[in-house]
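What follows is a single structure, written as C-alpha cells, with notes after it.
The values are calculated or read from the model by the stated rules, or taken from the named source; none is laboratory data. Just so it is clear, the structure is predicted and the values come from calculations on it, not from any experiment. All Cβ positions, glycine included, derive from the backbone under ideal geometry; neighbour counts span all protein chains shown. What goes into the accessible areas is simple: the full protein's heavy atoms, side chains included, and nothing from ligands, DNA or RNA. Shrake-Rupley method; radii C 1.70, N 1.55, O 1.52, S 1.80 Å.
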Amino acid sequence: MRYSDIAKGLILAVWASALPALEVEDRKSYPGEGGAMISVLSTADLDVFEPFIRQFQQDQPAIGVDYTVASSTEIYAAITEGMKFDIVLSSAMDLQFQLANDGYAQAYGSDATARLPDWAQWRDLVFAFTSEPAVAVISRERFSGIDLPATRQELISILRDYPERFDQSVGTYDVRTSGLGYLFATQEARNSDVFWRLSEVIGRLQPRLYCCSAQMIDDVISGELAIAYNVLGSYAERRRTQEGGDRMEILQLEDFGNNMLRTALIPRTAENVTGAGAFLDALILAGLAEEQTWAFPPLQPHARQGTPEFGPIRLGPALMVHLDPLTRRAFLSSWEDAMEQE
Amino acid sequence: MNPTGSIRRRMTISLALVAALLSLLSWSMVASFARQAAERTQDNILAASATIIAEAIRSEGGEVRLELPYAAFAMLGAVSEDRVFYQIETAGEILTGYEDLTTGSIAPAAGEVRFETTEYLDVPLRMVRMTRTVLAGEEAVPVTVSLAQTRNGIGTIAGDLSETAAALSVAFFVLAVALTGFVAQLSLRPLNELAQAVARRGPTDLRPVRRQAPSELTPLIGSLNRFMERLAGSLRRSEEFIAEAAHRVRTPLATVRAQAEVALHGAQSHDDKQRLRQMIRAIDESSRSAGQLLDHATVAYRIEDLSRDTINLAELAASVAAALEPTAGLKDIEIRLETSDVATLGDKVLLESALRNVLDNAIKYSPDETQISLTVDQQGDMACLRICDQGPGLAGQSTTDLTKRFARGATVTDVVGSGLGLTIASEVLQAHGGGIELADNPKGQGACAILTLPKA
C-alpha cells in the first residue's frame, strides 16, 4: 500500500497536520448494560450526535458507544494507518469513497440498507444517512437596506457594489484545511462557472477563512461576519433555533446548490461488526424517516419543501478526481490565486 | 407376459436426453457470449476513459501537468459500482495514482492500447494501458495512462444474462419434452390402431388383416396374417377330422341299432328285452352325440362363409318341430306351436341345426307326458323364438355357463348328454347377429330358451 502512504503524505502535508496519532477533538463514552462496546469515529460534533446515541442505547441497552470526534482528514489518515474503529461517520464523502475504493471498508447488508436508494450507497460499503445542503448564512444587521441575493450573480453584484461594507466580513472555508470545504468548492467549480468569479470578488474583500461551519455561523451571529459562504445547512438550521439565531438568515441560492451526503462505513479492521451493523441500521432508519427525528436533515429530498432541488453529489469514482494530488495541487493553486490577492 | 420396457418411454427418454443436451449447450454458449459481450463493453469504457485522461495531459513550462478529467471517472461510475485504480507514469517515474498498480507490466509503446487482466490488492482487475507522447519543453516525453476496474459489474451483467438464458433453456427443454411425448404418441399410433383392430375381432374371425399401415409395420402384419392363416387351416382340419370321425361312427351305429331292433323283436326273455332296450338307448345317445359333433363341425365350417337367405322362421319352426315329433312322441311330450310370420336373413341349415338342438335339449330334459311350447314372434327389430319346457329349470345357472362347450346343467345328472347342443345354438345365433338366453319359465315350472335374431 505504497500509494496510500504517498496520498496520505501529500494530503497531510498540504493540511499541515502530519501527526502520527489521531488528533481527537472530542470524545465521550456511553457504557452499555452488556459488555459489548462499539467505537464510533465521526466528524459530527458530540452535542449534535448525543441525542441519537441516547436513543440508540434505549433500543439497544446492551451496547455501549465510544464516540470520538475528529476532522475528516484525521479520520481518513487513522483508517489508512490501520487504527481500529467499528464504524466511521464522515461528512467528507470523497474521503469515505476513497477508503472504500482502496479496500479499507467491509461490506454490510441488512433490511435497512436494502431500503436505501441506489444513489445512497456504493457496493454495500458506503452508506449515506443524511443529505445536507451547502448554504450561505448572512447577518440581518449587516445586510440591512440591501435586497437579499437570490443567485450567485446577484451576490457578486452586491459584494462589488458595497466593497467597504463587506471588507474583511466575508467568511468561507479554507479549502486547504477543510475536507468538506474542499469538496463543496470542487463540486461548485465543476458545476458552475460563477464559482471562480465569485471567488475573485471574495478574494478582493480580504476574506476570512475557517476550518468549520460552526465557527463561521457564530461569527455571523456576533456580527463579525456579514456573510458566511458555503456552510453546512444542517448546522445553520440548528443554530437558528438557538440563542441569537434571529440575527441570521439562511440563503439557499437558486442557481446551484450542493447536497452533501453524510456517509458511514464499517472499516475492515472493525472488531464489533454486529454492533456496528446495528448502529448503521439505526442511522439509516433515522435518515430515511419521514419525520425529522434528529439533528440532521432527512436523506430523501422530497421531505424538504420550498428549496430548489439539486441532486446529491454522486457517490462514485469521480469523487477520487479531486483527491488526486496533481489535480488537487492545480485546484488549490487556482483557488489561492483567487483568494489571496495582496 | 412381462413387457420389456415401453417403446414410447424409450423414445421419450432418448429424445428428452437429446433436448437436455442441446439446452445445456445453448445455455453455456449464450452465457459465454454474454460474458464476452460484457467484457468487451468494459474494455471499451475503460479505453474511452483512459483516452479522455490521456488527452488532458499537457505540458507547462517544461513540466508534465494533469488535472484528472471528472468525466472520465464519472463515466466509470455510471456504468457499474466497480472499484477504480489508476496510475500516470512518465518515463519510469510515477506522476500520480496507485504506485504499484502496474508492477511487472511493461508500458505499451506510443499509440498502442493494451488490455490486461491482472490482480491488485487481491482483487482481479481489468486494466487498460495507453501511452501518449507529450512535448515537455524541447523533449518528447512518453506518458503512460493505466486505468483499472474490478470486474463485479461484468459478473453481474453476465450473471443476469446467464440466468435469463438458463430460464429460457429450461423452458425450451420442457417444451421439447412435451413435444417428444406427443411425437412418440403420434409415431406409435399405427401400432396401437393395429393392436386395437386385432383385439376387436370376434373369437372366430381369422381373416387376414387388411389395413393401411406404415412400411415398418408391413412385416408384422405379414407375419400375423400368415400365422392366422395357419391357425385357420389347423382349425378347419380339426373340425373336418371331427366331422369325419362323427360320420364314420354314426353309420356303423345305425347298423348296430337296426340289428339291436331286430334282436329285440326276436328276444323271448324279459331280461334280454330289457338289456336290448338299454343298448338301443345307449346307441341312440351315441348317435345323437355324434350328430351333434357333426353339427358343430358343420356350424364352424359354414359360419366362416355365412350365406344370407331370407328364411321364414314360422316355417322353419314347423319343419324342425315336425322332424322331432317322433322323438317327443317316445316320451309322450306334446310340442305346441304358436307362430307368426317373421323372416330373417341367414343360413337355413345352421338355423335349423340351432333350433333343433335347443328343441332336442328341451325334449331330453322334459319329464314324460309334459308340454313344450315353441313360440315365434317379434320384439322391435328382433325376431324371437321361445322354447319353454316343464322340466327341472336352471337352478340359478347362467346362460354363459350353459352355452360353453361340453358344459352340462347341474339339474341333469341323470340324463345322458354331450353338452354341445346349446354351444352350437349359441354360436349360430351369434354369427347371425343374435343370441340365446336361458331363463326360468315365467309361467311356472321349467325353463325357457329365448333365441333372438335380427329381422329381415
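Here are some notes:
- Rg [Å, one decimal], Dmax [Å, integer] - chain B, C-alpha atoms: 51.2, 169
- Relative contact order for the range B:7-158, counting Cα pairs under 8 Å that sit 6 or more residues apart, in percent: 27 percent
- Ellipsoid fit via the Cα gyration tensor, the range B:42-115: semi-axes of 20, 16, 12 Å, each the root of five times an eigenvalue, largest first.
- Stokes-Einstein D (µm²/s) once Rh is taken as the Kirkwood radius of the range B:215-305 over alpha-carbon pairs, at 4 °C in 1.567 mPa s: 80 µm²/s
- From the Kirkwood radius over Cα pairs of the range A:70-147, Stokes-Einstein at 25 °C and 0.890 mPa s returns a whole-number translational diffusion coefficient of 164 µm²/s.
- Lys/Arg +1, Asp/Glu -1 at C-beta; the range B:215-305 dipole; positive extreme among B:ALA267, B:THR255, B:ASN225: B:ALA267
- Rounded to whole Å, the principal axis extents of the Cα atoms in the range B:7-158 read 88, 28, 26, largest first.
- When the square roots of the Cα gyration tensor eigenvalues are ordered a ≥ b ≥ c, the ratio a/c for the range A:241-339 is 1.5 or more and a/b does not exceed b/c, which makes its shape oblate.
- With pairing defined as another cysteine C-beta under 4.7 Å, the cysteines of chain B that fail it are B:CYS384.
- From phi via Karplus (6.51, -1.76, 1.60), per-residue ³J(HN,Hα) for the range A:276-286 in Hz, x at Gly/Pro: 4, x, 4, 5, 5, 4, 4, 4, 5, 5, 5
- Normalised by 2.2 N^0.38 Å, with N the number of residues, the alpha-carbon radius of gyration of the range A:33-121 equals 1.15.
- Taking the alpha carbon gyration tensor of chain A, multiplying each eigenvalue by 5 and rooting it gives semi-axes of 33, 23, 18 Å, largest first.
- Rounded to the nearest 10 degrees, the inclination of helix A:325-339 to the longest alpha-carbon principal axis of chain A is 30 degrees.
- Long-range amide H partners of B:ALA91 with built H, under 5 Å: B:THR144
- Chains B and A together bury roughly 2400 Å² of accessible area, counting both sides, with a 1.4 Å probe on protein heavy atoms only.
- For B:LEU22 and B:ALA140, the difference between the fully extended length at 0.36 nm per residue and the C-alpha to C-alpha distance is 36.7 nm.
- For the residues A:THR274, A:THR113, a 1.4 Å probe over the protein chains yields an accessible-area ranking, largest first, of A:THR274, A:THR113.
- Using alpha-carbon coordinates, inclination of helix B:270-303 to the longest axis of chain B, degrees: 40 degrees
- Across the range A:287-296, computed HN-Hα scalar couplings (Karplus, 6.51 cos²θ - 1.76 cosθ + 1.60, θ = phi - 60°) run x, 8, 4, 5, 8, 6, 9, 8, 6, 9 Hz from first to last residue, x flagging Gly and Pro.
- Computed with a 1.4 Å probe on the full set of protein chains, the accessible area for B:HIS247 sits at about 100 Å².
- Inter-label distance, A:GLN55 to A:ARG329: 4.6 nm, where each label sits 7 Å from its Cα along the C-beta direction.
- Longest exposed-site-free window of chain B, the sites being GluC sites (Glu not before Pro) in a DSSP loop that have at most 13 other C-beta atoms within 10 Å: B:139-368
- Residues with amide H under 5 Å from that of A:LEU261, placed H, sequence gap 5 or more: A:GLU132, A:ILE313
- Centre separation in Å (Cα based) which lies between the range B:225-301 and the range B:194-214: 37 Å
- Here the Karplus relation 6.51 cos²θ - 1.76 cosθ + 1.60, evaluated at θ = phi - 60°, turns the backbone of the range B:178-193 into coupling constants of 4, 5, 4, x, 4, 4, 4, 4, 4, 5, 8, 4, x, 5, 4, 4 Hz, with x for every Gly and Pro.
- Taking the Cα centre of the protein assembly as shown as origin and assigning +1 to Lys and Arg Cβ atoms and -1 to Asp and Glu Cβ atoms, the resulting dipole is close to 5000 debye.
- For the range A:139-265, the solvent-accessible area works out to 39 Å² per residue, with a probe of 1.4 Å and every protein chain left in place.
- Where only DSSP H runs of four or more residues are counted, the protein assembly as shown gives -16000 deg cm²/dmol as its mean residue ellipticity at 222 nm, each run worth -39500 (n - 2.57).
- Sulfur and carbon atoms: percent of accessible area, chain B [1.4 Å]: 56 percent
- Panel values: the protein assembly as shown, Kirkwood radius from alpha carbon pairs, Stokes-Einstein at 25 °C and 0.890 mPa s, translational diffusion coefficient 66 µm²/s.
- Label-to-label distance for B:ASP43 and B:GLN259 is 11.8 nm, based on points extended 7 Å past Cα in the beta-carbon direction.
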